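Just so it is clear, none of the values below were taken in a lab; they were calculated from the coordinates. As the structure is a computational prediction, the values presented were derived from the model and not from experiment. Methodologically, a virtual Cβ is constructed for each residue, glycine included, from the backbone with ideal geometry; neighbour enumeration extends over all protein chains shown.
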Amino acid sequence: MCKKVMKSRLYSIEPIGIRTKFTESISSYLIRLSEEHCVAPKHLILKEIVPYVYRNENIDTTGVKSISNFLSHSNSQPAINGMKDKTETIINALEALTLQKDLKYLSCLAWKGVIKDGNLFRRSKAWCPCCFEQWKQEQKPIYEPLIWSFKDVQFCTQHFCKLVFQCPHCKSQLKAIANKARIGFCYHCGKWLGQEKSENKEIIDNLEEHLYISMGIGKLISIVPDLQFPLILSNLIKKLQLIHFYFELYSAKNYRTIGLTQNMYRIRMQLRILTMRNSNRPINLIDLIIPCCRHANLDIADFFNENLDSLGRLIAKSLDVFPDKFHLYTNINLEHVPGDVYIPGRFVWSIDGVEVDMPKYL
């Protein structure tokens, strides 16, 4: 008996770089797919994706005449690689039309409701001209990694050159997805955007911090498809509360010998606020999660993958803080004494609903 072979309506091209820090973006995949069909992105979206999206609705799609119309002139366009509802709509359509799975990992949809998306993505394209040129010389597929979509990623971690934000020939800024967009080319003047050596030698302030942020975002992009635990907001809040607990122990232990940097003070205050209130708001990746991992000497992969028990042991070892008679409960909820005077290291533990004073072992 012959097995029925499923045929995709559109070419089932493979996404590039999934499970690496250079995972392709969904806008890049859309443009490459249109190039495979020898049509402009506008044609692919209006003739294939739009009809599929509204196939079960009595909606006249003839008024949708551009990509901007389809995206409703909203901020979905600059954040098409992010967590918007329109991104999910496009990805669902692409998976059905190409029979490719896991296309959601070409965006940040898996982070939705957990990571705060406000001000996370840039409003126009950025790219590394050296990457474009290298892929061209090596005859590799040219594409746009998802990491280039992030506003706080300022330079390429591969070539250590600053990302470019406008065409070097006509000085135009480029949208993430446009009617006649082409990978590696300016859709205004049509010229190649790659360069063997970047001419953008501008010095970046706080280079080490930007490098850590870029590497942290890249690591998170690479591990999301294989996370051991689903991204759940309450779980991440508990992990941040755990980090807060150890930061306070560390600060109390070393308060005579160390000085608090402005960044560390700000992080501790943010963690304190998070600890004192029952927040259901998504967490800031750039201002909180990545800095917490950095100051705790914690790999961001461990923060997302480890359970509370093993994470606590990693932080304790990293900060060299080992409270006597300490046992970490997996259902622990750490809270500062509400309305009390703030004393480093003073906590109330709520374990199975019973409040227990945190003893001092310092």
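Sites listed here are GluC sites (Glu not before Pro) in region 56-139 whose DSSP assignment is loop and whose Cβ has at most 15 other Cβ atoms within 10 Å: GLU57, GLU138. Taken about its Cα centre, region 130-211 carries a charge dipole of about 540 debye when Lys and Arg each add +1 at the Cβ and Asp and Glu each add -1 at the Cβ. Sparse packing (at most 15 other Cβ atoms within 10 Å of the Cβ) combined with a DSSP loop state is found for the following trypsin sites (Lys or Arg not before Pro) in region 23-129: ARG55, LYS65, LYS101, ARG123. Over 30 Å apart at the Cα level, from the set LYS47/LYS197; LYS7/LYS180; LYS84/LYS136; LYS42/LYS151; LYS104/LYS162; LYS65/LYS162, are LYS47/LYS197; LYS84/LYS136; LYS65/LYS162.
The order of MET269, MET83, MET215, going from fewest to most other C-beta atoms within 10 Å of their C-beta, is MET269, MET215, MET83.
Relative to the current alpha-carbon distance between ALA96 and GLU209, full extension at 0.36 nm per residue lengthens the span by 36.6 nm.
Taking only the Cα atoms of region 68-146, the ratio Rg/Rh comes out at 1.02, with Rh defined as the Kirkwood radius.
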